[in-house]
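**Q** Got a structure for you, questions after.
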């Protein structure tokens, strides 16, 4: 339509524009899920949107401040309770310190790797995303506070999830209930190793790849094994709530329930856990070594 | 109907700033930290605002702005980058090609057509999510379309009243 007068020209037609943007979205989706060449796109948009997130969080802050103000009338009672609690905990802590000293001494004698101490940063969940596909949450601490992808997030009872994406002042937490998130675990009762994966449903985790004759019972507690070098060992993860041993399948269908309040808390702890560095194998054997287990 | 919606033809054309602020406020409402059933049942205010402006001021709000709002939602939602962007672009396009027909009706009569557009939008979001490897989240996912349908007349009314010029008592 080169003969059309200038007055009627409005740039490309709406269908052309739609096709362009749909194509751009598809490219972005492929880039985001498969390739991940440009993490900067996400980071830039996150910085733009950050002030809005803070403003949207103001009502919650006001509500929290109000409830804190009204609960301050019970402070004396709470203080008494906490003092008692502290005394009880104190006693356990002293025993624990003695045990820790003894443990590290025994480990030295055995020549085993020392247990690594973890440091924790308190963070607050800013909000949960809208669509029910992703079990994720946004935390109010980001790379400016020293948060790195891969760190573990716990509450007072057990593991909640793992940091998967960090922005400048906020970070993204993938919950253990997320479909596609796995935690290597051990049962407390007999040390049986297993892998706990999310199902995409609230309050339900799968325990995979355990054969039907494996020694696992209802109410068994699963804790992190620490074998992967990502999760610190010994954190409670889940409790077995259902076991289905069908002889037709090679594996038992085992369902468990997260110990931690995965979708209940506001305050969480981000652990910075530095796994013990693997000893570099000698030059000669390095050629033949394959992937580390 | 007892509710008097402002007549679209009598309204002054909205300025770019007004559209901008309405989109920012819709984004704020979408970002409110909610949990559980409130989160699932919350109407998608950004989609409704995009629909309103693409129907009533199609020359001001193009597909590009819808795409940009979708990107914001994607990042804040921690969903796949481009998921909502594509859905909002298609919504803006459908609203644009239907805007002459939709403007014949008042906002209450527009509801049946709006709910179809909203459901189509959620189906697009659902399909892209499922293709990327998510499970079907259950039928309550579509609750947002129902609440969006109920919110539509309210949003149309509020935005219409805000756009309506104050009548000057001194004029004849």
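The values are calculated or read from the model by the stated rules, or taken from the named source; none is laboratory data. Note that the coordinates shown come from a computational prediction; the quantities given were computed from them, not determined experimentally. Here Cβ is always computed from backbone atoms with ideal geometry, including for glycine, and neighbour counts include all displayed protein chains.
**Q** Conditions first: (1) over 23 Å from residue B:37 (Cβ atoms); (2) in contact (Cβ under 8 Å) with a residue 60 or more places away in the chain. Residue B:143 passes all but one, so which condition is the exception?
**A** Against the list (1) over 23 Å from residue B:37 (Cβ atoms); (2) in contact (Cβ under 8 Å) with a residue 60 or more places away in the chain, residue B:143 comes up short only on (1).
**Q** If you don't mind, there's one more thing I want to ask. Is there a residue being at pLDDT 80 or above, surrounded by 12 or more Cβ atoms within 10 Å (Cβ to Cβ) and in contact with a strand residue (DSSP E or B) (Cβ under 8 Å, 6 or more places away or on another chain) anywhere in the stretch A:95-102?
**A** no
**Q** Related question: From the list B:92, B:134, B:85, which one is in contact with a strand residue (DSSP E or B) (Cβ under 7 Å, 6 or more places away or on another chain) and within 11 Å of chain A (Cβ to nearest Cβ)? Explain how you work it out, then say what you get.
**A** Numbers: B:92 fails: in contact with a strand residue (DSSP E or B) (Cβ under 7 Å, 6 or more places away or on another chain); B:85 fails: in contact with a strand residue (DSSP E or B) (Cβ under 7 Å, 6 or more places away or on another chain).
Answer to the check: B:134.
**Q** Of A:166, A:187, which residue is within 15 Å of the chain's Cα centre (by Cα) and either more than 25 Å from residue A:136 (Cβ to Cβ) or modelled with pLDDT under 90 (or both)?
**A** A:166
**Q** Check A:229, A:203 and return the single one that is farther than 14 Å from residue A:158 by Cα, under 17 Å from the mean Cα position of the chain (by Cα), part of a loop (DSSP other than H, G, I, E, B) and in contact (Cβ under 8 Å) with a residue 12 or more places away in the chain.
**A** The unique qualifying residue is A:229.
**Q** A further question on this structure: Only one of (1) within 11 Å of chain B (Cβ to nearest Cβ); (2) modelled with pLDDT under 85; (3) part of a helix (DSSP H, G or I); (4) over 25 Å from residue B:127 (Cβ atoms) is not met by residue A:10, so which one is it?
**A** (3)
**Q** Moving on. If the requirement is being at negative phi, within 14 Å of chain B (Cβ to nearest Cβ) and in a helix (DSSP H, G or I), which of these qualifies: A:94, A:88, A:49?
**A** Going through A:94, A:88, A:49 in turn, just one is at negative phi, within 14 Å of chain B (Cβ to nearest Cβ) and in a helix (DSSP H, G or I): A:49.
**Q** Considering each residue of the stretch A:120-178, count those that are within 14 Å of chain B (Cβ to nearest Cβ) and not in a strand (DSSP E or B), and give that number.
**A** 17
**Q** Next question, about the same structure. Among the residues of the stretch B:57-76, how many are surrounded by fewer than 24 Cβ atoms within 10 Å (Cβ to Cβ) and at pLDDT below 85?
**A** 5
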